[in-house]
1. Using the Cβ atoms and a cut-off under 13 Å, what net charge is assigned to the surroundings of A:Glu324, where Lys and Arg are +1 and Asp and Glu are -1?
2. Could you work out the helix-only [θ] at 222 nm for chain A, with each DSSP H run of four or more residues adding -39,500 (n - 2.57) and the total divided by the number of residues, to the nearest 500 deg cm²/dmol?
3. Under a crude label model (7 Å from the Cα following the beta-carbon direction), how far is A:Gln211 from A:Gln238 in nanometres?
4. Among A:Val341, A:Gly222, A:Val40, whose Cα sits farthest toward the positive end of the charge dipole of chain A (+1 at Cβ of Lys/Arg, -1 at Cβ of Asp/Glu, about the Cα centre)?
5. Mind listing the phi-derived Karplus ³J(HN,Hα) values for region A:175-183, rounded to whole Hz, using 6.51, -1.76 and 1.60 with θ = phi - 60°, and x for any glycine or proline?
6. Within region A:85-116, name every residue whose backbone N is under 16 Å away from a label modeled 7 Å from Cα of A:Thr134 along the Cβ vector.
7. Got a sec to turn the phi values of region A:74-82 into Karplus ³J(HN,Hα) couplings, 6.51 cos²θ - 1.76 cosθ + 1.60 with θ = phi - 60°, whole Hz, x for Gly and Pro?
8. Equivalent-ellipsoid semi-axes (√(5λ), Cα gyration tensor) for region A:254-350, whole Å, largest first?
Amino acid sequence: MLVDLDYFFAQAEEVRNPTIQGKPVVVCVYSGRSEDSGAVSTANYIARKYGVKSGMPIFQAKKKLENADAVFLPVDYTFYEKTSAKVMNILRNHADSFEQVGIDEAYLGVSQKTGGDFEKTKDLVQRIKDELKTQLKLTCSAGVGPNKLIAKIAADTQKPDGLTVIKPEQVEAFLASLPVSRLIGVGAKTKEKMQALGINTVGELAKYDVQKLIAVFGKALGAYFHNAALGLDDEPVQERGEAESISRISTLKQNTRDSSLILEKANQLCDEIHATVMQQRLAFKTVGIIAIMADLSMHTRSKTLENAVNELEIMKKTAKELFEKLLIETELEVRRIGVKVSNFTKEQESQKQLTSFFDSSHT
DNA sequence: GTATGCTTTCGGC
DNA sequence: TTACGGCCGAAAGCATAC
């Protein structure tokens with residue numbers, strides 16, 4: 001099953017301060033540039049009825065909520081992380097296997113516990129929902145299915161406070177009318193390609209000849225699409241390791257092309273990233289940068305190093321090179337910048353031994 | 001041709 | 001110079017290798 005907390009940040013705020021319940025609640029990321037500069041992170045369903053959405057500029061949300069007695073709050077990630085940890089502890093206790101996805105979502109494998117009985121599973125989900133409600137005052141939307149693919153789509157069907165169970169014999173009918181874009185792996189381009197083949201729904205995709213799919217999308221992708229359309233998925237529910245990337249991004253006080261100002265901020269971001277990298281004992285092989293220009297266009301550059309490293313100075317030097325290159329290749333002023341590291345390897349004992357071997361061999 | 005890896009952009013929350 | 005976040009993983013495009 002998949003459990004997904006409803007409008008998580010805004011709901012956490014409602015729990016912390018119940019007096020705002022019943023009002024539109026908008027959680028915002030303020031950039032600090034001017035009074036209302038920034039964007040909406042998430043909003044409760046009351047605010048959504050007014051047309052407020054994630055990613056929307058704060059001033060637009062305020063306009064939509066004029067005279068609506070709305071509450072605008074700054075994001076408090078530390079508080080949401082603590083709340084999330086409590087939720088995940090409860091969820092983990094009810095699962096044979098567990099996989100957290102992001103801050104507000106988790107897959108629970110429960111086949112052993114329930115013997116694969118979907119009625120029992122439904123009762124179990126209801127108990128989990130009740131427990132989250134009584135202990136943490138939080139609602140969630142849950143989806144139950146024979147695998148992760150179906151559980152996820154089921155959970156998205158009914159929100160907020162939903163509970164959708166798709167039994168194996170219901171899978172075919174459940175999927176048939178859905179647009180192909182509901183499948184993970186089908187983005188805008190793939191959707192267009194499928195449309196050109198006369199495929200619009202998952203049902204149509206299921207009936208389409210596998211060999212033709214493979215001819216168009218390649219062996220792995222074609223086979224994946226075919227199976228997914230049939231509701232087949234054998235991805236295990238398993239604990240996730242470290243994140244695949246760690247990044248920091250920040251809005252500059254004013255737009256600029258002054259490389260010393262940009263690099264000063266970039267170095268700050270590198271310091272923060274490096275602290276996290278060291279904390280988690282990671283080594284990174286790829287360093288990337290992002291620049292959002294005055295016109296909000298996005299530009300990225302990245303470099304994959306010869307070996308995985310953890311040195312702050314290498315991160316800063318690589319970021320510097322990438323920003324300098326990017327500034328040459330565009331003429332717009334820069335509004336926001338970010339740094340990202342990825343391609344991690346956990347630092348192994350063997351690497352340290354190797355290093356000390358070389359060190360000692362030179363002495 | 002297909003698989004794989006790297007780079008850049010997109011999109012959800 | 002006065003109207004837009006921060007972070008993540010997925011998607012897509014391209015280069016290279018077999």
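Please treat every number below as a calculation from the coordinates, not as lab data. As the structure is a computational prediction, the values presented were derived from the model and not from experiment. Positions of Cβ are backbone-derived with ideal geometry, glycine not excepted, and every protein chain shown enters the neighbour counts.
1. After counting each charged neighbour, the total is +4.
2. -13500 deg cm²/dmol
3. With each label placed 7 Å out from Cα toward Cβ, I get 3.4 nm.
4. Going by the charge dipole, the pick is A:Val40.
5. Values per residue, Gly and Pro as x: 7, 3, 8, 6, x, 4, 5, 6, 7 Hz.
6. Residues A:90-91, A:94 qualify, since their backbone N sits under 16 Å from the label point.
7. Once θ is set to phi - 60°, the couplings for region A:74-82 become x, 5, 9, 4, 4, 5, 5, 5, 5 Hz.
8. Result for region A:254-350: semi-axes of 26, 12, 10 Å.
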